[in-house]
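To start, the structure itself, in structure tokens.
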Amino acid sequence: MKNFFTVGFSALVLGLFFTSCNDEDDYQTIEATDKIKIDSVKIVNDTMDVFSIQRIKTYSTYPSQCEGFYGYDYVYNDSTLRTVTAYKYITSGPCTQKSYTAAGQINFSPQHTGIYTFKFWNGGSNWITKTIVVE
């Protein structure tokens, strides 16, 4: 019985030793980031309560499977004006050139009442403007 456990343990250790752990199979390295235009914005309620949370969804079209949503540049221009620019990551791995649309999300939780204006970058000097009234 002791030999059975010794042989079994040895086989397990050898199996783990010879198993490949190639990191390149699991993910692609991000090579760069760049702006990506926001095609559309979905705001469920244009009126909300102070201190509540509203999810604002943005949608962008990525030209290939080597690109995806990276994050936002969310700038407070003053107490009620926000400018939002989306960024994409770019990898150099093998991928299809098929375009796809993906969503990003901002959780807006205002601390003061007022009329908030959001400007979402839509490419070049174009912006999508949305307004939320906070009561």
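Descriptive notes on the structure:
- Per-residue accessible area (protein heavy atoms, 1.4 Å probe) orders 46, 34, 39 as 46, 34, 39, starting from the largest.
- To the nearest 10, the accessible area of residue 55 is 140 Å² with a 1.4 Å probe.
- For region 63-117, the normalised intensity computed at q = 0.19, 0.20, 0.22 Å⁻¹ comes to -0.74, -0.79, -0.87 (log10 of I(q)/I(0), Debye sum over alpha carbons, equal scatterers, no solvent).
- Carbon + sulfur, % of accessible area of region 76-135 - ligands and nucleic acids excluded, 1.4 Å: 49
- Fully extending the segment from residue 65 to residue 32, taken as 0.36 nm per residue of separation minus the present Cα-Cα distance, adds 10.4 nm.
- Summarising the label geometry, the points placed 7 Å from Cα in the beta-carbon direction at residue 102 and residue 131 lie 3.4 nm from one another.
- For region 55-135: relative contact order, % (alpha-carbon pairs under 8 angstrom, 6 or more apart): 33
The values are calculated or read from the model by the stated rules, or taken from the named source; none is laboratory data. These numbers come from a predicted model, not from an experiment. Every residue, glycine among them, receives a Cβ derived from its backbone with ideal geometry; neighbour counts consider all protein chains shown. Surface areas here come from the heavy atoms of the whole protein model, side chains and all, with no ligands, DNA or RNA. Shrake-Rupley method; radii C 1.70, N 1.55, O 1.52, S 1.80 Å.
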